[in-house]
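Notes for the one structure printed next.
Each reported figure results from applying straightforward, stated rules to the coordinates on display, with no laboratory input. Worth saying up front: this structure is predicted, and the values here are computed from it rather than measured. Cβ sites come from the backbone with ideal geometry, for glycine too, and all protein chains shown count toward neighbours.
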Amino acid sequence: MKRLTMIADFLRARFPLEKMDLESMLMKKEVPVHKMSWAYYLGGLTLLFFTIQVITGLLLLFYYQPTVTEAYDSVKFITEKVPGGYVIRNMHVWASSAMILTAILHFLTTFAMKAFEKPREITWWSGLLLLFITFTFGFTGYLLPWHQLSVNATKVGLQFIGAVGPYLPGKLSELPNKLIEIIQGGASIGQETLSRFYAIHVVILPLAIFAILGLHLLSIQLHGMSQGTDDKFFRKEKFFPDFVVKDFSLWAITFFILFVLAITIPFDSFFAYPLMEPYNPLGSTPEGIKPEWYFYFIYYPMEMLPFWIILVISGVVMIVLFLVPRVFGGTDRKVLRFVASIAFLYFVIMTIFGEAIFNLVKGGY
Ligand code: HEM
């Protein structure tokens, strides 16, 4: 009973619903102005890319066929034959990478600004879930065109889940393989896998993200923007109309840039294998297959280090991320900025030089 009361008190302090009126949410809300204020735009940018994903994704659904015999051809048809199809598909692919990038930057800057502090723990935890869902969108979407690279890269991704098994005790060791079977819908990749990835990508994840995003945004509106700086004196600007006008202007510029990119540069041209052949189960695995760029930060270390080290580090990082409001509650913002910068630097180095480092290490054996 005491525990229930504690949970109720915790939730009442995080969701002061009496503040739920348009006046406090729009008219009274203010945004601090200081040298890290630019970071307050990153959540909104992520939201813009998510909105673009929903709209372009719905349009792609008109023509995409989730069957192993038709998926590849339907994507080719969208790209080559459907009027505007190339732009819609290219926007969806560009915006998926952009959304992941802004979500990562938003995650690091909210950490650096100590925006996770009481009473914003639920904003932080829901944010972590959003980040996980965003990556899962990328992973599941990659399989849908059903070409050699996408299917083989998915196989590799799933193998990593299976590799966790031997490190778990007793019956738990069977869990990863069971999970793969559930995701895959059978012993190997095939129609069931495509159907499941499709269901996850277009129904389950969107439902989950809408619910969690709702919680995230509600909690932000109830508590307003966090101070974000250690400075005692700083200006504040009105959320409405000052910040909103700048936010929407940034959205318009970003949308314009994305649109120009989508009509001029096919995202596929960055792949080692632009829209390659349809998947052939009897065909050979393409050489040097790797996941999308946003997984390199974990993929290359997995290729270079013993798997148990990766497991220990990932486990510790996940626990620490969950406990951030408690572990870093009393930490100076300067230290938080330093930790976030190191994390960002690591991400950039692994993304740009991961392959070179991998070749260097492999060549050294
Ligand atoms: C789909 C992904 C996400 C979307 C669409 C989103 C959206 C937003 C928006 C619109 C804001 C208000 C403006 C701002 O402060 O930037 C915000 C604030 C916030 N977000 Fe997110 N977010 C996402 C992911 C994350 C992640 C991954 C984290 C961290 C784990 C996070 C933690 C926070 C926190 C702590 C705030 C409060 C900032 C403050 O009070 O200063 N969010 N988010």
Margin query: Loop by DSSP (not H, G, I, E, B), at most 12 other beta-carbon atoms within 10 Å: where is the longest site-free stretch of the chain for trypsin sites (Lys or Arg not before Pro)?
Written below: 82-231
Notebook entry, point to check: What fraction, in whole percent, of alpha-carbon pairs in the range 1-84 exceed 20 Å separation?
Noted result: 68
Check: Computed over the Cα atoms of the range 275-351, what is the convex hull's projected area averaged over all directions, in nm²?
Finding: 7.7
Next item on the list: For helix 121-143, report the angle its Cα long axis makes with the longest principal axis of the Cα atoms of the chain; keep it between 0 and 90° and round to the nearest 10°.
Entry: 20
Note to self: Please list, in order along the range 230-236, the HN-Hα scalar couplings obtained from phi with the Karplus expression 6.51 cos²θ - 1.76 cosθ + 1.60 (θ = phi - 60°), rounded to whole Hz, x for Gly and Pro.
What the structure shows: 8, 4, 6, 10, 8, 7, 10
Next item on the list: Report the dimensions of the range 33-291 along its three principal axes from the alpha-carbon atoms, largest first, rounded to Å.
Entry: 67, 55, 30
Checklist line | Likely footprinting exposure, Ile100, Ile357, fewest C-beta neighbours within 10 Å first | finding: Ile357, Ile100
Check: In a GNM of the chain with a 10 Å cut-off on Cα contacts, which of Tyr294, Tyr167, Tyr40 has the highest mean-square fluctuation?
Finding: Tyr167
Note to self: So if I take the centroid of the Cα atoms in the range 76-92 and the same for the range 205-259, what is the distance between those two points in Å?
What the structure shows: 31
Notebook entry, point to check: How large is the charge dipole for the range 212-365, taken about the Cα centre, if only the Cβ atoms of Lys, Arg (+1) and Asp, Glu (-1) carry charge, to the nearest 20 debye?
Noted result: 720
Margin query: Please compute, for the alpha-carbon atoms of the range 136-287, the extent along each of the three principal axes and give them in descending order in Å.
Written below: 63, 49, 29
Next item on the list: Using a Gaussian network model of the chain whose springs link C-alpha atoms within less than 10 Å, name the residue from His34, His106, His147 with the highest mean-square fluctuation.
Entry: His34
Next item on the list: Work out from phi, with θ = phi - 60° and the Karplus expression 6.51 cos²θ - 1.76 cosθ + 1.60, the ³J(HN,Hα) of each residue of the range 170-184, listed in order in whole Hz, and give x for Gly and Pro.
Entry: x, 5, 4, 5, 7, 4, x, 5, 4, 4, 4, 4, 5, 5, 6
Note to self: Compute the angle between helix 85-112 and the longest alpha-carbon principal axis of the chain, please, reported from 0 to 90 degrees and rounded to the nearest 10.
What the structure shows: 50
Next item on the list: Send over the semi-axes of the range 131-193's equivalent ellipsoid, whole angstrom and largest first, taken as the square roots of 5 times the C-alpha gyration tensor eigenvalues.
Entry: 22, 14, 10
Checklist line | Rough spin-label spacing in nm, given labels placed 7 Å along Cα→Cβ, for Ser249 and Ser269 | finding: 3.2
Notebook entry, point to check: Distance from the Cα centre of the range 1-58 to that of the range 292-354, in angstrom?
Noted result: 25
Notebook entry, point to check: Looking at the range 278-311, which GluC sites (Glu not before Pro) are in a loop (DSSP not H, G, I, E or B) and have at most 10 other Cβ atoms within 10 Å?
Noted result: Glu287
Notebook entry, point to check: What translational D, rounded to a whole number of µm²/s, comes out for the range 219-348 from Stokes-Einstein when the hydrodynamic radius is the Kirkwood one over Cα pairs, at 20 °C and 1.002 mPa s?
Noted result: 105
Notebook entry, point to check: Which far-off residues, 5 or more places away or on another chain, put their amide H under 5 Å from the one on Val33, with H placed in the peptide plane?
Noted result: Arg235, Lys236, Glu237
Next item on the list: Show which lysines lie in cross-link reach of Lys114 when reach means a straight Cα distance below 29 angstrom and same-chain residues fewer than eight apart are skipped.
Entry: Lys19, Lys28, Lys29, Lys35, Lys232, Lys236, Lys238, Lys246, Lys334
Checklist line | Candidates per chymotrypsin sites (Phe, Trp or Tyr not before Pro) in the range 202-282, loop by DSSP, up to 10 other Cβ within 10 Å | finding: Phe233
Check: Against the longest principal axis of the chain, how steep is helix 307-322, in degrees 0 to 90 to the nearest 10, with axes from Cα atoms?
Finding: 30
Checklist line | Descending Cα extents along the principal axes, the range 26-134, whole Å | finding: 52, 25, 24
Margin query: Please arrange Met225, Met27 by how many other C-beta atoms lie within 10 Å of their C-beta, fewest to most.
Written below: Met27, Met225
Checklist line | Dipole of the chain [Lys/Arg +1, Asp/Glu -1 at C-beta], most positive-end residue of His201, Phe234, Met99 | finding: Phe234
Notebook entry, point to check: Given the options Asp247, Asp73, Asp21, which has the most mean-square fluctuation in a GNM of the chain, springs set between C-alpha atoms less than 10 angstrom apart?
Noted result: Asp21
